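Asker: Pasting in a structure now, in structure tokens, and then I'll have a few things to ask.
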Amino acid sequence: MSIDTFLSGLPFSPDQFQVESARALEAGRKAVIVTAPTGAGKTLVAEAAVHLALEEGRRAVYTTPIKALSNQKYGDFVAQLGAQRVGLLTGDNVINGEAEVVVMTTEVLRNMIYARSGYLADVGVAVLDEVHFLQDRVRGAVWEEVIIHAPAHVQLVCLSATIANASEFADWVGERRGSVDLIVERRRPVPLESKYLVKDRFGGELRLYDTFASRDGRLRANPKVEHLLSLERGRRRRFAVPGRLETIELMAAQGMLPAIYFIFSRAGCDAAALRCLEAGIRLTHPDEREAIRRIAEEKTAHLADSDLEVLDFPRWLAGLEAGIAPHHAGLVPAFKETAEDLFARGLLKLVFATETLALGINMPARSVVLESLSKFDGEGHDLLQPGDYTQLTGRAGRRGIDTVGFGLVLHSPFVRFGRVAEIAAAGDHPLRSSFRPTYNMSVNLLANYSEERASELLAASYAQYQRKGDHAAAQAELVALEDRMVSELDRARCELGSIDDYVEQGAAPRPGRSDLAGRLAPGDVVDIAGGARQGRYLVLSRLSREGGARLLALATSGRTVTISARDVTSGSVKAGVIELPLPYRPRDRRFQQSALRLLRKIPPASRAGPATPAAPARPVHPVAACPDLEAHLRARRRAERTAQRIELLRSNLRRSGVGLVEEFHAILRLLGGLGYVEGWTLTTAGERLRFIYNELDLLLAETVERGIMRDLDPSELAALCSCFVYEPRAEEGSNPPWPTPDLAVSWKEIEDLAAELNDRERGERLSTTRKPEPGFAALAWAWAEGSSLEDLPNMKLQPGDFVRVSRQLVDLLRQLRDAAPDMSAAAREALLRIDRGVVAATGFA
């Protein structure tokens, strides 16, 4: 059966990009990459790939970045092919794992490749859905590992949202896999109308405008909105942020529901849903409410009554019946899955969601609302990137139902309208690799390849591919900057004397505000002389903000702060330059800790001595008479800024010479010192490390090898293991009390071990492993001891977070059960104690 038979059997006419993709698959291309907007129909390409594999008597693998999306795709394939032909592997669920078509998370496929699973021998195609996820800081490397290491006979289908550098990515995949076809679809199946909503305080009315206006065939920011906002004068603002209730009422009146209303705060999502309920908003009719109640009760039937009481089930259900629901990671899976199902059926009309909903889950809406274009990232508020805007608004417009989708941005006095239009118009963002060798990856490379081949594979990563391109681009930029500086210095030259002497003697007039902040770059150390920010800071990055220079900076106290130009007072000075640690991740805690150690090594600023008499007035410098003095001074300041950029670029070029292969060999030296490798051979400890998939993989392996967990009972084992999977959402002031004395002793040993490992990593110039977090241990111990959800001690986490961390703990306990024979009995019992009740209830019992 040819692909034509598959396409002709569809109940609709496929789009050209879908036909082109299907034909590339049929032609036997080693890889097919499809980038298209959300909702354009990339899934049909995956279905065509599965169809071809099954027709050839081969198996098919479909991978997704998140378990919820895997569950959804599993249900879709079961509906198409029947339960007997489809399986699911997510760590949480193992259903029919030897089936012809198996849906799994990308990590599961990576692990199968490293373990040389026999299942892969019969796999004809692997679909990598949401492949743009490879830029994720923590998990992104997994996608590159799969592309690099997947067996040569497996055809890869990479599905991605639209990205700016798709050709670069395709070129790299082609180098790795062989023949590759790139199919790019930029047309949305349902056109998107970008809207801007403003509240006029004078009349109390909401005004809805188009974000763009067409002029000479080109889109530009709507001049009507720009003129309207320019009328605002004085301290009292005329225009305000539209309220949630009035925004919803406007959308309902104008037929813009159903909608996803993005609020970048879990508490904000919950509060908005509750406020709508309390205000009496009802978006459903009686038949819909009856169907909603029936479906919600079916999907939560596996939860105990006591758990439902803790989860405030009646209020949640009342919101659903009104057609309204929150959706965020703090909700238990059953609540999130119910909202997704009801929304897909058209029964829910409004979902208040965080950005976690933007990834893959099939919840199309007529409209998407962005309450704000800035979100808190743990340290400060940053504006959304254009690619984020595109991903979020991509859900607006239901194919086959709507003729147009709406993307609404609410007015904010803190983000000018012109910037909103720029973000909305920009569209795609470039894909950047987050790949770096880990300890687990290194031992798997050693186990599966020769030393030469392992080095070749690392050098063949997308990260290294991009580094080469970046290096060439940086060299070209360096030449251009050097030419510019020569030109600027020439314009700064004065026939009457030296401009440098004129400035150094203090003869140059000082501007009212220091422009030092505008000249600071990442790596600069600045001593601020007074004001609210007095002290020493290391510049980590320049922030793209409104209203002048803004810097993300690290204080000597260890705090990260945002510094504006007005914080850098007169008398502030640049105290030095630091080569920032690699990889450059200014918002990463480990990066900041390494940078802080470098900052504290710089000698303190010298203290002012006793007051001295004022120096006599200097004679007027001859340059002061130059009629072009201001032009010379401006050129000199530009030359200074260019010189700083040149020095930073040269520093980055020097550091970019250390590649992934060198980092890999540094890891092997460290592992050799700890007894995991001998030459190019794994020891028994190294073999165990191969099957530990955790961000703290080596620290956890060392904890096992040194017997720190050996004598713990199952509940204590669960508590201690939780330290390796839990990451708090905010800084915790101190360690919580330990439930048992043995746990306190074991934790102290792990702290000492972590410090020892960090010292070894610094010795090899490697990124240091983050410290494990004990904040979940008391909860894990109490749950393992049989406590109910209601009785858990000091439950500061939301229920969904408790379930998520517990599921991660279950996965880690499974790894220990299989990788550490002397702990398998305790790990198995700990598994049984944790994997129960609301934790075990995932919707696929």
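Asker: Take every DSSP beta bridge whose two residues both sit in the chain, then give the antiparallel share in percent to the nearest 5. Can you show the working numbers first?
Answerer: Working: 38 of 89 bridges.
Here the antiparallel bridges make up roughly 45 percent for the chain.
Asker: Which number do you get for Rg(Cα) / (2.2 N^0.38 Å) in the stretch 29-181? Write out the running numbers ahead of the final one.
Answerer: Numbers: Rg = 14.2 Å, N = 153, 2.2 N^0.38 = 14.9 Å.
Rounded to two decimals, the normalised Rg is 0.95.
Asker: Determine, from the Cβ-Cβ distance of Ala271 and Asp490 and an R0 of 56 Å, the FRET efficiency 1/(1 + (r/R0)^6), rounded to the nearest 0.05. Provide the component values of the computation, followed by the final result.
Answerer: Working: r = 61 Å, r/R0 = 1.08.
Calculated value: 0.40.
Asker: Using modelled backbone amide H atoms (1.01 Å from N, in-plane), which distant-in-sequence or interchain residues come within less than 5 Å of Thr683's amide H?
Answerer: Counting only residues 5 or more places away or on other chains, the set is Val677, Glu678.
Asker: Which listed residue (Ser788, Ala68, Leu832) has the Cα farthest towards the positive end of the charge dipole for the chain, taking +1 on Lys and Arg C-beta and -1 on Asp and Glu C-beta about the Cα centre?
Answerer: Of the candidates, Ala68 comes out farthest on the positive side.
Asker: Same structure again: Angle, helix 660-673 long axis vs. longest principal axis of the chain, Cα atoms, 0 to 90°, nearest 10?
Answerer: 70 degrees
Asker: Using a probe of 1.4 angstrom, how much of the accessible area of the chain is carbon and sulfur, in percent?
Answerer: Values: 18760 of 37760 Å².
Result for the chain: 50 percent of the exposed heavy-atom area is carbon or sulfur.
Asker: Suppose every K and R has +1 on its Cβ and every D and E has -1 on its Cβ; what is the size of the dipole of the stretch 538-602 about the Cα centre, in Debye to the nearest 20?
Answerer: Details: 13 positive and 4 negative charges, 39 e Å.
The dipole of the stretch 538-602 has a size of about 180 debye.
Asker: Just in the stretch 104-190: which trypsin sites (Lys or Arg not before Pro) are loop by DSSP and have at most 15 other Cβ atoms within 10 Å? If you can, show how the numbers build up before the last one.
Answerer: Details: sites: Arg110, Arg116, Arg137, Arg139, Arg176, Arg177, Arg186, Arg187; in loops: Arg116, Arg137, Arg139, Arg186, Arg187.
Answer by residue number: Arg116, Arg137, Arg186, Arg187.
Asker: Right, something else. Could you list, bin by bin from short to long, the percent of Cα-Cα pairs of the chain in 10 Å steps?
Answerer: 2, 11, 18, 23, 22, 14, 6, 3, 1, 0
Asker: Go through the stretch 125-132 residue by residue and turn each phi into a ³J(HN,Hα) via Karplus (6.51, -1.76, 1.60, θ = phi - 60°); whole Hz please, and just put x for glycine and proline.
Answerer: Along the stretch 125-132, the couplings run 8, 10, 8, 9, 7, 6, 5, 5 Hz.
Asker: Pull up all non-local amide H partners of Tyr62: gap of 5 or more, or a different chain, and H-to-H distance under 5 Å with H placed in the peptide plane.
Answerer: Residues meeting the amide H criterion: Val102, Val103, Met104, Val127.
Asker: From the P(r) of the stretch 748-840, could you give the percentage of C-alpha pairs in the tail past 15 Å?
Answerer: Here the tail beyond 15 Å accounts for 67 percent of pairs.
Asker: Please work out the Cα center distance from the stretch 705-722 to the stretch 89-162, rounded to the nearest Å.
Answerer: Rounded to whole Å, the Cα centres lie 31 Å apart.
Asker: Under the definition of Cα pairs under 8 Å and six or more residues apart, what whole-number percent is the relative contact order of the chain?
Answerer: Computed value for the chain: 11 percent relative contact order.
Asker: A further question follows. I want to verify the translational diffusion coefficient of the stretch 777-821 in µm²/s; compute it with Stokes-Einstein, Rh as the Kirkwood radius over Cα pairs, at 4 °C and 1.567 mPa s. Write down the numbers at each step before the final one.
Answerer: Working: Rh = 11.4 Å.
This corresponds to a translational diffusion coefficient of 114 µm²/s.
Asker: Can I ask one more? For Lys299, go through the lysines and keep the ones whose alpha-carbon is under 25 Å away, minus same-chain ones fewer than eight residues off.
Answerer: Lys67, Lys73, Lys336, Lys349
Asker: Using only Cα atoms, what is the ratio of the radius of gyration of the stretch 109-261 to 2.2 N^0.38 Å? It would help to have the intermediate numbers written out before the result.
Answerer: Values: Rg = 24.4 Å, N = 153, 2.2 N^0.38 = 14.9 Å.
Compactness ratio reported: 1.64.
Asker: Can you tell me the 0 to 90 degree angle between the C-alpha axis of helix 67-81 and the longest principal axis of the chain, rounded to 10?
Answerer: 40 degrees
Asker: Right, something else. Residue-wise, which Karplus ³J(HN,Hα) couplings in Hz belong to the stretch 156-170, taking 6.51 cos²θ - 1.76 cosθ + 1.60, θ = phi - 60°, and x for glycine or proline?
Answerer: Here the 3J(HN,Hα) series is 9, 10, 9, 10, 9, 5, 5, 10, 6, 10, 4, 5, 4, 4, 5 Hz.
Asker: Write out the chymotrypsin sites (Phe, Trp or Tyr not before Pro) in the stretch 669-743 meeting two conditions: DSSP loop, and at most 12 other Cβ atoms within 10 Å of their Cβ.
Answerer: Values: sites: Tyr676, Trp680, Phe691, Tyr693, Phe724, Tyr726; in loops: Tyr676, Trp680, Phe691, Tyr693, Phe724, Tyr726.
The qualifying sites are Trp680.
Asker: Along the charge dipole of the chain, which of Leu373, Gly707, His51 sits closest to the positive end, that is, farthest toward it, with unit charges on the beta carbon of Lys, Arg, Asp and Glu (+1, +1, -1, -1)?
Answerer: Towards the positive end, the residue furthest out is Leu373.
Asker: If you place +1 on the Cβ of every Lys and Arg, -1 on the Cβ of every Asp and Glu, and leave all else neutral, what size is the dipole of the chain about its Cα centre, to the nearest 20 Debye?
Answerer: Working: 107 positive and 112 negative charges, 663 e Å.
So the dipole magnitude of the chain works out to roughly 3180 debye.
Asker: Could you state the accessible area per residue of the chain in Å², with a 1.4 Å probe and every protein chain left in place?
Answerer: Working: 37760 Å² over 845 residues.
Per residue, the chain has an accessible area of 45 Å².
Asker: Give a quick list of GluC sites (Glu not before Pro) in the stretch 76-165 that DSSP marks as loop, anything other than H, G, I, E or B, with at most 14 other Cβ atoms within 10 Å. Please list the in-between numbers first.
Answerer: Working: sites: Glu98, Glu100, Glu107, Glu130, Glu144, Glu145; in loops: Glu98, Glu100, Glu130.
Filter output for the stretch 76-165: Glu98.
Asker: Which of the listed residues, His327, Ala685, Gly280, is farthest toward the dipole's positive end in the chain, when Lys, Arg count +1 and Asp, Glu count -1 at the beta-carbon?
Answerer: So the residue we want is Gly280.
Asker: Keeping every protein chain in place, order His327, His51 by accessible area at 1.4 Å, biggest value first, i.e. largest first. Walk me through the intermediate numbers first.
Answerer: Details: His327 10, His51 30 Å².
Correct descending sequence by accessible area is His51, His327.
The values are calculated or read from the model by the stated rules, or taken from the named source; none is laboratory data. Just so we're clear, the structure is a prediction, and the values are computed from it rather than from any experiment. Positions of Cβ are backbone-derived with ideal geometry, glycine not excepted, and every protein chain shown enters the neighbour counts. Remember, those area values only see protein heavy atoms, side chains included, never the ligands or the DNA or RNA. Shrake-Rupley method; radii C 1.70, N 1.55, O 1.52, S 1.80 Å.
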